[in-house]
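Comments concern the structure below.
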Amino acid sequence: MNSAGLLGGACLARLHRRLQVGLARAPANGLLSITLDLGAGDADWLAVDPARDYVSWWAPPAAGQAGDRRLALGRAVAFSTAGGGRFAALQAAFCGLQTRWQHDDEQNSGVEPAAHIGFAFDEEDEDAAATTAALPNARLLVPAILLRHHAGRRTATFSCPVGAGERAMAHWLAELQSVYRGNGAQPLAPVWRRQPSPLVDRAFLARARAALAEIARGKLAKLVLTRRVRFAGEQPAAIAPMLAALAHRQPRCTLYAVGQAGQSFVGATPERLVKLQAGTVYADALAGTAWLSASDSRPASRGLLDDKNRREHQLVVDAIRAALDPLCTSLVVPPAATVLHLSELQHLQTRVVGRLRPGAALFDLLAGLHPTPAVGGAPGAAARQWLRHHGERRVAWYTGGIGWVERNGDGEVVVALRCARLRGGEAELFAGAGIVAGSEPEQELAETEVKLAVMADALQQSGGVDGCRSSRNGTR
């Protein structure tokens with residue numbers, strides 16, 4: 001699909017006219033967004049190269065597919081930061097944008113322009129800087145082009161700084177032409193082979209035992225440990241079939257793909273960190289895991305409702321309640337968890353709903369909530385210090401957050417879980433498990449294998465996987 005195929009000559013002419021009108025009206029330091037209604041129809045926006053700079057793809061769980069699928073291309077405005085004040089810095093940057101952000105929605109699409117949000121688990125993490133600055137520690141990005149499939153209709157929002165407005169049309173067209181590869185068949189990659197990692201596995205078990213010893217001393221209640229496994233192939237993965245496979249296999253997850261510096265960060269997460277919509281706050285506590293044997297229906301793990309899983313889950317519920325209470329005028333916390341059923345796993349889930357206090361904003365919610373004990377530990381600060389001291393590293397935005405903030409301040413951020421980083425013929429897959437009193441290190445290692453199989457199965461769709469314990473072939 002080329003730019004003319006996406007927009008058509010009439011749309012291009014209308015966009016050019018509205019750009020000229022908008023530039024004449026907007027302040028010199030303004031940010032201008034123009035939304036075009038592309039009409040009814042379906043779109044998955046997969047025919048792009050997600051390893052290209054400033055590309056991001058997003059799809060909500062299947063129940064919300066008609067609600068909002070998004071593809072962001074290019075950069076109109078970007079702000080990156082790090083450190084303990086990173087969410088306050090992002091909030092300040094966003095407030096500065098809001099005061100000068102003009103939106104031309106002449107066709108009354110009802111779609112707000114939006115900025116993409118992404119951040120790492122740890123504010124002190126320098127992994128991105130150490131790997132060619134692929135993804136910054138925390139970033140707020142207004143894309144040059146945002147394509148959306150919203151409530152059965154397709155829209156395209158084009159954004160540019162007013163000062164660069166005369167060059168905007170050429171920039172937008174070049175972005176479309178260079179990113180789209182068409183809807184033809186994706187080339188199949190060769191078999192992906194899992195690289196042996198016995199030392200990494202033994203290190204995980206050793207950290208798990210050290211974590212249990214620290215918990216037994218009463219210093220901590222929970223620590224979340226992660227693993228990284230590597231796969232090798234002779235050609236880059238075909239991302240579109242990977243995402244299509246995830247959509248089919250993980251219908252209750254939010255799917256995402258972010259491209260930067262020749263690599264892609266791809267995943268399917270079941271966990272929403274926070275959503276803010278018209279003053280109402282939604283936050284998910286997701287902790288406690290069980291799974292069944294792939295060969296039959298017998299449990300392959302401890303029971304989901306056993307004491308260990310209940311305690312692990314309650315730590316997250318309590319932390320979310322404590323984080324939201326000062327930011328909300330009211331808060332509803334269900335008395336009991338529900339069960340989230342995924343294709344391979346089951347999790348305990350509690351959805352907390354509140355009403356935001358006047359003057360608070362999405363980035364205040366992020367600062368208060370992240371990281372929950374579901375991805376860090378409890379107490380939070382002590383857990384993060386222990387993890388740093390014991391060499392726990394989270395690559396890219398794994399266990400951080402990915403999402404969107406609308407121009408009006410509404411937004412949603414999910415926890416970046418069940419993910420992989422793809423660079424040419426290399427793939428790194430990530431998974432973690434929570435350690436509390438009563439945890440068994442070998443069982444936690446097995447849990448990470450089940451979680452790793454989510455992305456390994458998707459990687460198989462871009463070619464094949466050799467040496468992977470996949471839930472699809474009956475082993476873990």
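Bear in mind that the values in this text are calculations on the coordinates, not laboratory data. Treat the numbers as computed from the prediction; the structure is a model and nothing was measured. Cβ sites come from the backbone with ideal geometry, for glycine too, and all protein chains shown count toward neighbours.
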Checklist entry - Ranked by Cβ crowding within 10 angstrom, fewest neighbours first, how are 160, 11, 328 ordered? => result 11, 328, 160
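Between residue 177 and residue 325, what's the calculated FRET efficiency when r is the beta-carbon distance and R0 is 60 Å? Round to 0.05.
It comes out at approximately 0.75.
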Item to check | Note, ³J(HN,Hα) from phi for the stretch 74-87, Karplus 6.51, -1.76, 1.60, rounded to Hz, x at Gly and Pro | outcome: x, 9, 8, 9, 9, 9, 10, 7, 7, x, x, x, 5, 6
Checklist outcome for this item: Each label sits 7 Å from Cα toward the beta-carbon; between residue 169 and residue 282 the label points are separated, in nm, by 4.1
Item to check | Label point distance in nm, residue 202-residue 95, each placed 7 Å from Cα along Cα→Cβ | outcome: 5.3
Checklist entry - Across the stretch 452-458, in residue order, what do the Karplus-derived ³J(HN,Hα) couplings come to in whole Hz, using 6.51 cos²θ - 1.76 cosθ + 1.60 with θ = phi - 60° and x for Gly and Pro? => result 4, 5, 4, 6, 5, 5, 5
Item to check | Environment charge of residue 267, counting only residues whose C-beta is closer than 10 Å and scoring Lys/Arg +1, Asp/Glu -1 | outcome: +2
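Please report the antiparallel percentage of DSSP beta bridges with both residues in the stretch 191-473, rounded to the nearest 5. Mind showing how you got there, number by number?
Details: 62 of 65 bridges.
DSSP beta bridges in the stretch 191-473 are roughly 95 percent antiparallel.
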Item to check | Degrees between helix 198-216 axis and first principal axis of the chain (Cα, 0 to 90, nearest 10) | outcome: 70
Checklist entry - What residues have an amide H closer than 5 Å to that of residue 222, excluding those fewer than 5 places away on the same chain, when H is modeled at 1.01 Å from N in the peptide plane? => result 378
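How much length, in nm to one decimal, is gained on full extension between residue 213 and residue 442, taken as 0.36 nm per residue of separation minus their Cα-Cα distance?
Working: separation 229, 0.36 × 229 = 82.44 nm, distance 1.54 nm.
This chain segment gains 80.9 nm when fully extended.
With an 8 Å Cα cut-off and a minimum separation of 6 or more residues, compute the relative contact order for the chain in percent.
Once divided by the residue count of the chain, the mean separation gives 22 percent.
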Checklist entry - Using alpha carbons only, how many degrees (0 to 90, rounded to 10) separate the axis of helix 307-324 from the longest principal axis of the chain? => result 40
Checklist entry - Using Cα atoms only, what is the angle between the long axis of helix 380-389 and the major principal axis of the chain, expressed in degrees (0 to 90) to the nearest 10? => result 80
Checklist entry - Whole-Hz Karplus ³J(HN,Hα) for the stretch 156-162, in order, using 6.51 cos²θ - 1.76 cosθ + 1.60 and θ = phi - 60°, x for Gly and Pro? => result 10, 10, 10, 10, 7, x, 4
Next on the checklist: Going by amide H atoms built from the backbone, whose H comes under 5 Å of the H on residue 68, apart from near neighbours?
Outcome noted: 151
Item to check | Residue-averaged 222 nm ellipticity for the chain, from DSSP H runs of 4+ at -39500 (n - 2.57), nearest 500 | outcome: -9500 deg cm²/dmol
Next on the checklist: Only sites in a loop by DSSP and with at most 16 other Cβ atoms within 10 Å count here; which trypsin sites (Lys or Arg not before Pro) in the stretch 380-445 make the cut?
Outcome noted: 393
Checklist entry - What residues have an amide H closer than 5 Å to that of residue 400, excluding those fewer than 5 places away on the same chain, when H is modeled at 1.01 Å from N in the peptide plane? => result 121, 416
Item to check | Surrounding net charge for residue 76, when Lys and Arg each add one and Asp and Glu each subtract one, Cβ distance under 13 Å | outcome: +3
Checklist outcome for this item: Taking r as the C-beta separation of residue 20 and residue 336 and R0 as 56 Å, the FRET efficiency to the nearest 0.05 is 0.45
Checklist entry - Which order, highest average first, do 317-324, 374-381 follow once you tally other Cβ atoms within 10 Å for each residue and take the mean per peptide? => result 374-381, 317-324
Item to check | FRET efficiency for residue 75 and residue 306, using Cβ-Cβ distance with R0 set to 56 Å, rounded to 0.05 | outcome: 0.70
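Once the piece of chain linking residue 107 and residue 357 is laid out straight, how much longer is it, given 0.36 nm per residue of separation minus the C-alpha distance between them? Can you show the working numbers first?
Values: separation 250, 0.36 × 250 = 90.00 nm, distance 3.32 nm.
The span from residue 107 to residue 357 would gain 86.7 nm if fully extended.
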